[in-house]
Each structure stands twice: as structure tokens, then as C-alpha cells.
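Below: one structure, written as C-alpha cells.
Bear in mind these aren't lab numbers, they're just calculated from the coordinates by the rules spelled out. These numbers come from a predicted model, not from an experiment. Here the Cβ positions follow ideal geometry from the backbone for every residue, glycine too, while neighbour counts run over all protein chains shown.
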Amino acid sequence: MRLLSSLLRSFVKRGQMRVFDVAGMLHTFGSGDDGPTVTIRLHDKKLYRSLFLNPELAAGEAYMDGTLTMEEGSSCYDFMFLFSINRAPLGAHPVQSLLRKGWKAIRRHQQKNNVERAKAQARHHYDLSTDLYRMFLDDGLNYSCGYYRMPDDSLEQAQDAKLTHLVAKLDLKAGMRVLEIGGGWGSLAIRMAQAGAKVTSLNVSPEQVTIAKQRVAEAGVEDSVEFVLKDYREFEGRFDRVISVGMMEHVGIGHLDAYFGKIRECLTDEGFAVIHSVGRMTPPGTTGPFIRKYIFPGGYVPALSEVFASTERLGLWVCDTEILRLHYYYTIRDWRARFEARREEAKDLYEEAFCRMWEFYLCAVELGFLHGSNMVFQLLLSKERDAVSILRDFIVDNERTMNGVAEGQCSTIQN
């Protein structure tokens, strides 16, 4: 426990962590001020070393396999909350600082997402049973950040508002051809088709495409939506609009130019693209080891400096930028609550270790948007400077029209 104790003493500055070691001895770290008190128990002496060397990965794995358990009413969320408010002291520890430098040095290797590898990595996550996703997503199976007008909006309201917001930004006219890069389970394709567009939706997940086709048929817009089971780099065509929601996070730092280059190639001269992605408000970094290994292999949340460097190299105009700071925190908060309420059903689909993994994942990403550097950005990109209206009023006007709001009325949008 000596090395682990030295790390925890330097790490826990807010709140308190109480640790029962393998022998049952209690070790206390932190004053308990300005944060929760969390109690855990370690059941394997190997954790003393692994938690010291790589706490982000080792804690998740130990929680999954039951060698780290929560005690005295503490929950996984409490544990992750305590971690998240003490993130800065952890990163400042000499061993952890060195570890992060190492991760950054090899991040391009970790994100070598050639076409076949990218497909396999996406299917690792998105080809899980759709029944699992139905347990915590909204009715439309939207697996990306909602758009909350108020923090207590329902998940269904927020996801419906997100679709409206995106379609408003697309400024669609009847008959326009739209390329969707990363189509999910089809909700956005349905909404765009209902707005009069002809949609081509790319996806590398056969499981998602099967469900999306069913949903498109049920919505009666199958004649306006075509699903193509291809990676974006395998596809060619020209479109009035391109939209990509929650997909750029899977591209990898070494492939941003290929991604934006394909968007540029697929746009008509008068067209523009809408990009919605998770980003970070800090300088470039790395993907956490637990998320990288178990949840999104090959994934990376880019800094805006990396995104804009790529659009600059490719000569794309960034016509509009919107930053959603707390919206994804509210979204994942609602996902986590729904997953916890139906955890026993999830255990019927997958084993207990999977449920713990999923719980750890949801807690980690939720708190990353509350206490960490994560946010969501939406960009409008074009090849020509006048492809997008010079005033962004059209977005609000389109939104009001779709929502049936009278001229002059305006909803209060917080955060």
C-alpha cells in the first residue's frame, strides 16, 4: 500500500477517500472538505501497484472484475465524482505526468484507423444488442448530445430539439441531396427526409443499418433515404449538404485531413456541411486508457485547434461555430439514470462485468462534461465564402418555423 498511499495523499485534495486494504486495515486520504466521502475496499494485493501506475485503467478494470468494491453506501458515481474533482492533482503527480507524456507520444499509433480497422472498432461498440441501447436512449435511439433548453427537459424533448436544431442549420430546400456520414439508427435521416431532402446515409455498423431501415420504412420515407454500408473514405458523390453527427470522434487525429477532405470533395460549390462532434476546450491530449480499451478503441476527442488546423489546410470556410457546454452532461445524466433503473434487464443480456463496465463508462463521460474539459461543437463548413447566409438569423427563423413559434416569441435557452 505504500506507493498507492503516496499517490492518494497527493491526489485527494477535495473530499475524502477511505480505503480498506486486503488485510481489512482502513486508510483515509483527504480532509473531507469540499467534496464527498467515498469508501472502497481492495480485494487483491496486485491493485496496490496497478492503481499506482495507471489508476484510470486499473480502477475501471478492478471495478469490472469485483476486486475493487464500493462500501458503506458509496456508489460508482460517487467514486468517479471524487476522482473528477481531483483530476488536476492526479495529473501533477510525477509518475502520472510521465505516463500522460507517454500516451501523447504514441497517440497517433493508437489511432491508426485504416478503413478495415475503423470498421471493426466501430462495430465493437455499435453492433452491441439494440435492446441494450433501448434501455437508456430516447425513443428515437439518438446516441449523441441532446439540445436542452432547460436542464430539466426530458431526454425525449432534448433529442427532438437537437434534430430540429440540426435541420434548421442545414436550411434544406425540397429535393436537396444530403450525405449523412455516420447515420446511427436513422432518426436524423428520417427528419431530413420529412423536410424534403433526398438522404444518403453512410454507416459501418450492419446492426444499426438493419434497425434504421425498419424505422425509415415505419416513418414512410423509405423512398427518400438510402443506406450505404461503407466507410466515408470508400464513398464518392456530390451533395448539396453534408452532415456528420457524433462520428468525427471516431476518425483519429491522423485522419482529420482525410475526413474533412472527403467532406470538401462531396460538397457542391454552393453547398455546405454541418458537423457535430465532441471536442475539448484544452490543448490537444489523449484518449483515457479505459475508454480507449473498452469503449471506443481508436477514438479521440479533438481540440478545436486541431480541427481548425485541418480545415485551414483544406481551404474550408468555417462559417459558423456553436459550443454546447453542458448539454452533453445533461444528456448522459439522463442516460445513466435510465441505465441504472434497468440494470437488471441489462444483466439478462450481458454478464455483470459488462454492466459494471457500462456503468463506469457512463459515470466517467458524464463527469467529463461536468468537471473536465469536454464540450460539443457544431460547425458550418463550405468551400465558398457565400455558401452560408452572412447572418445566422436563418437558423433561429427555421427553428421557429419548425416549432410553430410565432414571430417575436423566443424561448429562453440556458447553458
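Summary of values
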read-out: Gaussian network model of the chain, springs between alpha carbon atoms under 10 Å - residue of Lys173, Lys383, Lys162 with greatest fluctuation; value: Lys173
read-out: Viscosity 0.692 mPa s, temperature 37 °C, Stokes-Einstein D of the stretch 267-323 from Kirkwood C-alpha radius, µm²/s; value: 247 µm²/s
read-out: Antiparallel content of DSSP bridges confined to the chain, in %, to 5; value: 50 percent
read-out: The stretch 2-105: antiparallel DSSP beta bridges as a percent of all, rounded to 5; value: 60 percent
read-out: Value of Rg/Rh across the stretch 248-347 [Cα atoms, Kirkwood radius]; value: 1.05
read-out: Three-way shape call for the stretch 27-84 based on the alpha-carbon gyration tensor, with the a/c threshold at 1.5; value: prolate
read-out: Charge tally in the Cβ shell below 14 Å around Val245, where Lys, Arg are +1 and Asp, Glu are -1, Val245 excluded; value: +1
read-out: Listed residue (Val22, Ile275, Ser74) projecting farthest to the positive dipole end of the chain, Cβ model; value: Val22
read-out: Stretchable slack from Ser75 to Arg313, in nm (0.36 nm times residue separation minus alpha-carbon distance); value: 81.0 nm
read-out: Cα shape, the stretch 136-232, gyration tensor, a/c 1.5 rule; value: oblate
read-out: Gyration tensor (alpha-carbon) shape descriptor, the stretch 2-105, a/c threshold 1.5; value: oblate
